[in-house]
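Reviewing the structure listed below.
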Amino acid sequence: MASRFPIAESLFQEPCLQPYIHNCEVTIVEGRHTYRFRVFFKRHSRLRPNPLLSRDDNEFRGDAVIMRVGTRSVVNMQPRDAALADYMMPWLVTS
């Protein structure tokens, strides 16, 4: 089975304003299950505000892409993974 290599650069806009894409790995432990995600994001004061990632007290300017990490590479996200991604994003944008 071949490894998959995510190309997150093609998903983000405004490459001239903010050419750098940051990434981090997030692990969520829920009971006996461990979920790993790779989060790619752009954040800059000149980027447009993102109403989906902003909160009342914190305006997020930029974009984010979340991918589920399997044993060797990224894998397709399942419905439970999407719910966990929704849970983790408010924690990430405020830190």
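Can you give the helix-only mean residue ellipticity at 222 nm for the chain, where every DSSP H stretch with n ≥ 4 adds -39500 (n - 2.57) and the sum goes over all residues, rounded to the nearest 500 deg cm²/dmol?
-5500 deg cm²/dmol
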Could you tell me which of rounded, prolate or oblate describes the chain, using a ≥ b ≥ c as the square roots of the eigenvalues of the alpha-carbon gyration tensor, with rounded for a/c under 1.5 and, failing that, prolate when a/b is larger than b/c and oblate otherwise? oblate
What order do you get for 79-88, 49-58 when each peptide is scored by the mean count of other beta carbon atoms within 10 Å, highest first? 79-88, 49-58
What accessible area per residue comes out for the range 27-78, rounded to a whole number of Å², with a 1.4 Å probe? 70 Å²
Counting Lys and Arg as +1 and Asp and Glu as -1, each charge on the Cβ, what is the dipole of the chain about the Cα centre in debye, to the nearest 20? 300 debye
What is the percent carbon and sulfur in the accessible area of the chain, measuring with a 1.4 Å probe over the protein chains and ignoring ligands? 53 percent
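The values are calculated or read from the model by the stated rules, or taken from the named source; none is laboratory data. Keep in mind the model is a prediction, meaning the values are calculated, not measured. Glycine gets a Cβ as well: all are built from the backbone with ideal geometry, and neighbour counts include every protein chain shown. Calculation scope for accessible area: heavy atoms of the full protein, side chains included, ligands and nucleic acids excluded. Shrake-Rupley method; radii C 1.70, N 1.55, O 1.52, S 1.80 Å.
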